[in-house]
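The values are calculated or read from the model by the stated rules, or taken from the named source; none is laboratory data. Just so you know, these numbers come straight off a predicted model, no measurement behind them. As a convention, Cβ positions derive from the backbone with ideal geometry for all residues, glycine included, and neighbour counts pool all protein chains shown. Please note that ligands, DNA and RNA were not included when accessible areas were found on the heavy atoms of the full protein model with its side chains. Shrake-Rupley method; radii C 1.70, N 1.55, O 1.52, S 1.80 Å.
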Amino acid sequence: MSGFIYTRRVEFADTDMAGIMHFSSIFRFMESAEHAFFRSLGYSVTLNDIDPRLGLPRVRAEADFRRPFRFEDEIEIEFTVREKRRKSLTYGFELRKVGDPERFVAAVGSITVVCVRRNEDGKMASHELPPE
């Protein structure tokens with residue numbers, strides 16, 4: 001992969017009683033990389049400035065764990081857009097411990113989001129991704 005790089009440190013709240021990063025924290029780290037990517041382009045994942053107002057709810061998320069992260073590890077999260085369709089995006093993630101001389105990929109994951117708009121009745125309906 002060769003994509004957007006975001007770095008984040010494992011905080012105490014991200015770990016379990018053994019000091020190992022809890023599996024659910026990987027998804028928060030992937031999501032923060034996604035938000036940082038959008039900000040780097042001058043956008044937000046909320047899409048509030050677009051008419052009609054749109055959203056990007058998650059419809060699929062997965063991760064494979066190969067090596068544990070621990071409290072205070074600094075993690076490099078490599079973010080790529082794996083697939084862009086008319087109404088959805090699939091992101092890919094590779095997570096590595098900063099300073100690992102082997103640059104071993106300790107976890108990989110993906111998230112698929114669908115572009116939606118809220119109808120007048122309050123229900124969401126899929127919508128084409130805006131060109132920007």
With springs only between Cα atoms under 10 Å apart, run a GNM on the chain and tell me which of ALA107, ALA13, ALA63 wobbles the most.
-> ALA13
Could you work out the helix-only [θ] at 222 nm for the chain, with each DSSP H run of four or more residues adding -39,500 (n - 2.57) and the total divided by the number of residues, to the nearest 500 deg cm²/dmol?
-> -4500 deg cm²/dmol
In a GNM of the chain with a 10 Å cut-off on Cα contacts, which of PRO101, PRO57, PRO68 has the highest mean-square fluctuation?
-> PRO101
What residue among GLY99, GLY19, GLY42 has the largest mean-square fluctuation in a Gaussian network model of the chain, using Cα springs under 10 Å?
-> GLY42
Quick one: what are the phi-derived ³J(HN,Hα) couplings along segment 107-115, Karplus 6.51/-1.76/1.60 with θ = phi - 60°, whole Hz, x for glycine and proline?
-> 7, 10, x, 8, 9, 10, 10, 10, 6
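Taking 22 Å as R0, compute the FRET efficiency from the Cβ-Cβ separation of PHE38 and SER126 and round it to 0.05.
Using R0 = 22 Å, I get an efficiency of 0.65.
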With all protein chains present, how much of the accessible area of the chain (probe radius 1.4 Å) comes from carbon and sulfur, to the nearest whole percent?
-> 50
Calculate, for segment 1-72, the solvent-accessible area per residue in square angstrom, rolling a 1.4 angstrom probe over the heavy atoms of the protein chains.
-> 66
What spacing in nm lies between the two simple spin-label points modelled at ARG53 and MET17, each 7 Å away from Cα in the Cβ direction?
-> 4.4
Points 7 angstrom from Cα along the Cβ direction at ASN119 and ARG28: gap in nanometres?
-> 3.6
Computed from every Cα-Cα pair in the chain, P(r) in 10 Å bins starting at 0 and rounded to whole percents is 12, 40, 29, 15, 4, 0
Using the charge dipole of the chain (Lys, Arg: +1 at Cβ; Asp, Glu: -1 at Cβ; taken about the Cα centre), state which of PHE93, PRO131, PHE29 has its Cα farthest towards the positive end.
-> PRO131
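Using DSSP to call loops (not H, G, I, E or B), can you name the GluC sites (Glu not before Pro) in segment 1-83 whose Cβ has at most 12 other Cβ atoms within 10 angstrom?
Counting only loop positions with at most 12 other Cβ atoms within 10 Å, the GluC sites (Glu not before Pro) in segment 1-83 are GLU11, GLU72.
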Work out the length of the dipole vector of the chain about its Cα centre, built from +1 on the beta-carbon of each Lys and Arg and -1 on the beta-carbon of each Asp and Glu, and round it to the nearest 20 debye.
-> 380
Taking R0 as 30 Å and r as the Cβ-Cβ distance between ARG67 and SER2, the FRET efficiency 1/(1 + (r/R0)^6), rounded to the nearest 0.05, comes to 0.90
